There are 4 protein chains.
Amino acid sequence: MPRAAEGLGREGEVSRSVGISIKPGAQRALELAVELAGWLKQQGLRVVVAGDGLDRLDGVDRLSLEEMPRHVDLMVVLGGDGALLHVARRFIGSDTPILGINLGRLGFLTEAPFANMLDAVATVLDGRGQVVRHSSLQATSWRDGEMLHRGMAVNDVVLQRKEHPRMIEFEMHVADQFVFRLRADGLVLATPAGSTAYALSAGGPIVHPSLEAISVVPICPHTLSNRPVVVPDSDVIEVVLTESPALAALNLDGQEHMALQVGDQVTVEKSGTVSLVYLPGRNYYGVLRSKLHWGGPAAEASG
Amino acid sequence: MPRAAEGLGREGEVSRSVGISIKPGAQRALELAVELAGWLKQQGLRVVVAGDGLDRLDGVDRLSLEEMPRHVDLMVVLGGDGALLHVARRFIGSDTPILGINLGRLGFLTEAPFANMLDAVATVLDGRGQVVRHSSLQATSWRDGEMLHRGMAVNDVVLQRKEHPRMIEFEMHVADQFVFRLRADGLVLATPAGSTAYALSAGGPIVHPSLEAISVVPICPHTLSNRPVVVPDSDVIEVVLTESPALAALNLDGQEHMALQVGDQVTVEKSGTVSLVYLPGRNYYGVLRSKLHWGGPAAEASG
Amino acid sequence: MPRAAEGLGREGEVSRSVGISIKPGAQRALELAVELAGWLKQQGLRVVVAGDGLDRLDGVDRLSLEEMPRHVDLMVVLGGDGALLHVARRFIGSDTPILGINLGRLGFLTEAPFANMLDAVATVLDGRGQVVRHSSLQATSWRDGEMLHRGMAVNDVVLQRKEHPRMIEFEMHVADQFVFRLRADGLVLATPAGSTAYALSAGGPIVHPSLEAISVVPICPHTLSNRPVVVPDSDVIEVVLTESPALAALNLDGQEHMALQVGDQVTVEKSGTVSLVYLPGRNYYGVLRSKLHWGGPAAEASG
Amino acid sequence: MPRAAEGLGREGEVSRSVGISIKPGAQRALELAVELAGWLKQQGLRVVVAGDGLDRLDGVDRLSLEEMPRHVDLMVVLGGDGALLHVARRFIGSDTPILGINLGRLGFLTEAPFANMLDAVATVLDGRGQVVRHSSLQATSWRDGEMLHRGMAVNDVVLQRKEHPRMIEFEMHVADQFVFRLRADGLVLATPAGSTAYALSAGGPIVHPSLEAISVVPICPHTLSNRPVVVPDSDVIEVVLTESPALAALNLDGQEHMALQVGDQVTVEKSGTVSLVYLPGRNYYGVLRSKLHWGGPAAEASG
């Protein structure tokens, strides 16, 4: 996943389209969307909106999120990392870059602040953005040899018990090699982008986005010597629910859910990439430092 | 909680009673119960059984678990730590000692192996057992100032989201002092006995049973600098669910559940003790070492 | 260790003495000491100074830190937690309260900000301070049955290898019971006050100061299932260095060092208390929250 | 680092050479070396020995470890992971495969048990071994722009304070981007092979050997929100000691030491590979499971 720096400029195109999506229910996002749509039209660009809450915009086209990737040259998301994830999941396998404008706090994925929204969009339209391709995962569940469900995740595939309080028990294979049988609250399989989301709370490492890797992070494992493992994303991961007293579920990016029962099998493997575009000069480690307060927390007794 | 060593011998009593409870559905436990009941009757003792699965025993009295503490002088549980917890929860506040006979692996609470069952029971009846009083917790949930539910726990009170995948958010006060507002998968409040159960998987410390303390262990906390805190059990802990997108529940010893919604308040405080009786020479640290494989796991590069 | 709230006011005393100690080499501390000494003399109090760097103060008495506890009614330390520890180690077993005035950041032990120095001292002299008795540890090293060295610690006794890079190996007993044999970088034995210092960086829990407990926290243990253990401070802890390839040392509060070699034995047990005095309304959890940035660090993907 | 499976068989070679090195001072290793040398000579192979303790072998050639890589077709090490590391450090950049025969416990690097020594060597000589190329690191220290020292590591480069008990403070850049300024006991920079050695004890993740990555693992960091970071090994890591009260040192594989003082700079970057050869059917995860006792340690309360 090379950190390519490429612009949006497709010379010779008669007209370019920009998609807009907002965090549902966020009034501030709606106001910004109105402002952005107006400005884009002034620039002679076609504006396409997706999702609820953008009904009052005039002079724009409407498409479902699923249709967007094939019809827009840039996708702008107004919201936080959650809103961006919601959109990015539909852009897996597409080269169309997505720009996240955060409404409040800096996000891992949404780095541009809303106060600079028009500047940020102009910069990206000028081809001066920094495109980073993030890997994604495809998860498929199986029962008795039949496929149950298939979904995609940009951040993580999380196996969790559905009902408290019993642990689930599962067996994991990587590249057809048995890794462990474990009793735990669950298991996070995260992309590098997802390594700073739920996997981090569960005790996993931070994995740089340019690594072609999947983090395997058990949640509250019963076996105390268990540890997070980072495996190559060219390997297929297989998890089977075994003898568990509890129902379980698979959650994709915390946004899509697949119910599982004992004996069900889940295969997780690398899928296509998603292109996020950042402002020039964006610094991955600077975002980490800021989000994780590395300037700060201290357990000290010095004097 | 002094580690008292006291026997069961109540001189002058005309007749003594021994209660028996087994792990539900365990055939081996049933066979052992039959053997134990026969032997106890031979010794001139009254036998009282509780719970399902002991129907085919003859010549015994039957009582509910709730009635047991007032009617028996010793309670014997055949099963693992889970079965013992199930019984111990009804013995909170009673001085009647409980002896756990484990059917398989050594337990933290059930230390006597079934192969020595009759010897173990004889030893305890002779007053040569080692009684350890374990503290317990009482949890009460409140909505709009009205009490919703009240329950007891010997191991732990666990606040958890009921539905994946969203974190819950809560505020905790200890002794009326604000401690933190946290987003996490949940929170474990554990007695010292519970410190080696779920709290340990969640990253909490091992707390010696003689300490009058409650471990406060967040589950997958969003705030990375959050850490387990051990507080005096004379302090009342109060937790309020705040602005959470998810339904939550309170689990007592993983066996009793109380549903919660945003705004509900939970108070947790010390309750009565439970007396567990162990064989003489039992070593707390030896059990830890064995259960946690401290003789073993190693990350080494020496040679 | 009850959280007593008692003043300094000893009615009927003809004259009271206040000791002053500063962080060595801190110019700001020296200036504050001059200001404080002048103000104290104005109040008719005797001023006693200890340590280097206070030579230019006139009209004050001079004593070594060791003599201070028997001659002053209040000890004021201008500096951080390290400077306070340096003084507190000499006040073990004394009832004389110590007030820490921090020069910069809030400390776990030095809570009063220098901007309020005179108000803080006046408050404490008026008997409105909040005295907290902190427990301490005594560590003794032995070789071939002979005592090598004995020292005290307010925060922690740390066993560490003296030379990189080999791990040390040691065996620990608590209350004459074998706990473990471990290969690790070292071992922290911390009082509750010390639980927020080095022990916290090593992965130990936060232990409330009112608990009569010692935290046992291994540093980078080879055995991955090893975990911090909190034991009653009435138990004596014994550690023996075994077959270690490396020299080791015992560090007391990071300020006093005792060299050890293979076969040496260390016993650690509870010693006297140290009385720290805080301003009224001081909140233990508020200090934690502030020092550990619990208002802050977040691993989030919400939006 | 593809997991190549290639043999040693170089068709057409008139004579082949096998090097032998043993764990210093290990009597068992010496006996095995005698047996192995005799058998190799019977097969018509040239035997070359390195290191101390192999003086009594007759009919063999002697070379320093440094000369070995250019003169042998296979290197056999009798000992544990430490002995193998000692040899492997001299084979960085060479294609000559190294076979580790462990004398006792299974090692992460030395997987073949001594009881099968001759079979194992025969298998590898037949070209049926499984060669895994492990990455290595080169560390260079600088003072005032002048190079101080340069060394190599197969497992890890560890920055540590040389004298207890003060933390060191350092700043880290990766690929010229500032990552953090940290106070800690030290910092481990580990290859994937090293991720199961010291880095694991310090809390780092397990990283699969086929990933081209370096684990950055702080040792007892002062900043509680700090976390291990896995970065691409194509990036250069730079660490500068800042304002530290303590002397520090750089340890390479725990076997080579470079003294550092405040202001010194260290650059760590990817170096050549080392080829380890394993028996066919060797399973990376099986070794993990066995070494880390994943079959075992449990914190349970079920029953």
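The values are calculated or read from the model by the stated rules, or taken from the named source; none is laboratory data. Every value quoted in this text rests on a predicted model; they were computed, and no experiment measured them. A quick note on method: Cβ atoms are made from the backbone with ideal geometry, for glycine too, and the neighbour counts reach across all protein chains shown. The accessibility values were calculated without ligands, DNA or RNA, using every heavy atom of the protein model including side chains. Shrake-Rupley method; radii C 1.70, N 1.55, O 1.52, S 1.80 Å.
Dipole of chain D, Cα-centred, from +1 at each Lys and Arg C-beta and -1 at each Asp and Glu C-beta, to the nearest 20 debye?
Details: 27 positive and 35 negative charges, 124 e Å.
For chain D, the charge dipole is close to 600 debye.
Residue-wise HN-Hα couplings along the stretch D:65-77, as the Karplus relation 6.51 cos²θ - 1.76 cosθ + 1.60 with θ = phi - 60° gives them from phi, are 4, 4, 7, 3, x, 7, 10, 10, 9, 8, 10, 10, 10 Hz; Gly and Pro carry x. The translational diffusion coefficient of the stretch B:136-273, from Stokes-Einstein at 10 °C and 1.306 mPa s with a Kirkwood hydrodynamic radius over alpha carbon pairs, comes to 110 µm²/s. Treating cross-link reach as a plain straight distance, find the aspartates and glutamates whose alpha-carbon is under 13 Å from the alpha-carbon of C:LYS23, omitting any fewer than eight places away in the same chain. Here the aspartates and glutamates satisfying the reach criterion relative to C:LYS23 are C:GLU31, C:ASP52, C:ASP81. Around the Cα centre of the stretch B:136-273, unit charges on the Cβ atoms of Lys, Arg, Asp and Glu (plus for the first two, minus for the last two) sum to a dipole of about 360 debye.
From the Kirkwood radius over Cα pairs of chain A, Stokes-Einstein at 20 °C and 1.002 mPa s returns a whole-number translational diffusion coefficient of 105 µm²/s. In the stretch D:8-103, Rg over Rh equals 0.93, where Rg is the alpha-carbon radius of gyration and Rh the Kirkwood radius from pairwise Cα distances. Within the stretch D:38-126, the trypsin sites (Lys or Arg not before Pro) that combine a DSSP coil assignment with at most 12 other C-beta atoms in a 10 angstrom radius are D:ARG56. With contributions of -39500 (n - 2.57) from each DSSP H run of at least four residues, the per-residue ellipticity at 222 nm computed over chain C stands at -4500 deg cm²/dmol. For the stretch B:85-127, the Stokes-Einstein estimate of translational diffusion at 20 °C and a viscosity of 1.002 mPa s comes to 190 µm²/s, using the Kirkwood hydrodynamic radius over alpha-carbon pairs. Accessible-area rank, largest first, for A:SER290, D:SER136: A:SER290, D:SER136, with all protein chains present and a 1.4 angstrom probe. Couplings 3J(HN,Hα) for the stretch D:112-123, derived from phi with the Karplus relation 6.51 cos²θ - 1.76 cosθ + 1.60 (θ = phi - 60°), are 7, x, 4, 4, 9, 3, 5, 4, 4, 5, 4, 4 Hz, where x marks Gly and Pro.
Which lysines have a Cα lying under 20 Å from the Cα of B:LYS162, excluding residues fewer than 8 positions away in the same chain? The qualifying lysines are A:LYS162. The spacing between the stretch D:15-84 and the stretch B:61-79, judged by their C-alpha centroids, is 70 Å. In terms of overall dimensions, the protein assembly as shown has a Cα radius of gyration and Dmax of 32.5, 105 angstrom. Distance from the Cα centroid of the stretch A:85-163 to that of the stretch D:189-259 is 30 Å (rounded to whole angstrom). D:LYS162 exposes around 80 Å² of accessible area when a 1.4 Å probe is run over every protein chain in place.
Take the Cα of B:ARG62, step 7 Å toward its Cβ, do the same at C:ALA122, and the gap between the two points is 7.8 nm.
Does the stretch A:108-153 come out rounded, prolate or oblate, given a ≥ b ≥ c as the square roots of the eigenvalues of its C-alpha gyration tensor, rounded meaning a/c under 1.5 and, failing that, prolate meaning a/b above b/c?
Cα axes put the stretch A:108-153 in the prolate bin.
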